[in-house]
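The values are calculated or read from the model by the stated rules, or taken from the named source; none is laboratory data. In this text, all values refer to a predicted model and were calculated from it rather than measured experimentally. We place every Cβ from the backbone using ideal geometry, glycine too, and count neighbours over all the protein chains shown. Just the protein is used for accessible areas: all its heavy atoms, side chains included, with ligands, DNA and RNA removed. Shrake-Rupley method; radii C 1.70, N 1.55, O 1.52, S 1.80 Å.
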Amino acid sequence: MLIKCFKCQSTISDRAVSCPYCGVEISYNYRTQYRAYIKSPISEKFHPKSWLLESLLLVLASVLLFTIWCLPFAVASCIYANRVEGLWKSGDIDGAILASEKAGKYYKIGLWIGIGTWIIIILIFCLLIILILINIWH
Ligand SMILES: [Zn+2]
């Protein structure tokens, strides 16, 4: 199956891990999504995930849950997510898939930093309670 390189627009194999013409890395996700697109040429059937709702929720969570260091990733995710729909409608299939992939990547990084932060906060909180309880008993 033949897909298009998102950087130099060359036609390449869907099994190539990098573009033989410009050398850019072609991710597994990009190839999978492009294959799904080729298999269903009707654009309504297949659509790259926009991540818009997820990234907006992450921005909100970053601000409300005091995990402000997630915010740069959430904002980056929003910016890419915002491009997906427009690129897709203008017929820029590879651009839309790439934007979707980047939005998803930044969203996941931001999300895990947020979750990680809260796990650490909860662990410290539990430790404090244990220390207080030990002190009360003695
Ligand atoms: Zn290329």
**Request:** Output ³J(HN,Hα) for the stretch 11-22: one whole-Hz value per residue in order, computed from phi by the Karplus curve 6.51 cos²θ - 1.76 cosθ + 1.60 with θ = phi - 60°, and x for Gly and Pro.
**Result:** 7, 9, 6, 6, 9, 6, 7, 9, 6, x, 9, 10
**Complete:** With Cα coordinates, the longest principal axis of the chain makes an angle with the long axis of helix 71-89, in degrees rounded to 10, of 30
**Free-standing Cys residues across the chain, given no other cysteine C-beta under 4.7 angstrom** = C70, C78, C126
**trypsin sites (Lys or Arg not before Pro) within the stretch 40-138: DSSP coil, no more than 11 neighbouring Cβ in 10 Å** = K45
**Prompt:** Can you pull the percent of the chain's accessible area that's carbon plus sulfur, 1.4 Å probe, other chains left in place?
**Reply:** 70
**For the chain, built as a Gaussian network whose Cα springs stay under 10 Å, the top-fluctuating residue of L65, L123, L52** = L123
**Request:** Please give the per residue accessible area of the stretch 1-46, computed with a probe of 1.4 Å over protein heavy atoms only, in Å².
**Result:** 65
**Request:** Would you work out the charge dipole size for the stretch 1-46 about its Cα centre, treating the Cβ of every Lys and Arg as +1 and the Cβ of every Asp and Glu as -1, and quote it to the nearest 20 debye?
**Result:** 80
**Asked** Any idea of the accessible area per residue across the stretch 47-138, 1.4 Å probe, to the nearest Å²?
**Response** 64
**Pairwise FRET efficiency - L127 versus N29, Cβ, R0 = 35 Å, nearest 0.05** = 0.35
**Message:** Output wanted: per-residue J couplings in Hz (rounded whole) for the stretch 33-39, from phi through Karplus 6.51 cos²θ - 1.76 cosθ + 1.60, θ = phi - 60°, x for Gly and Pro.
**Reply:** 5, 5, 4, 4, 5, 5, 5
**Interchain or long-range residues, amide H under 5 Å from K4's placed H** = I12
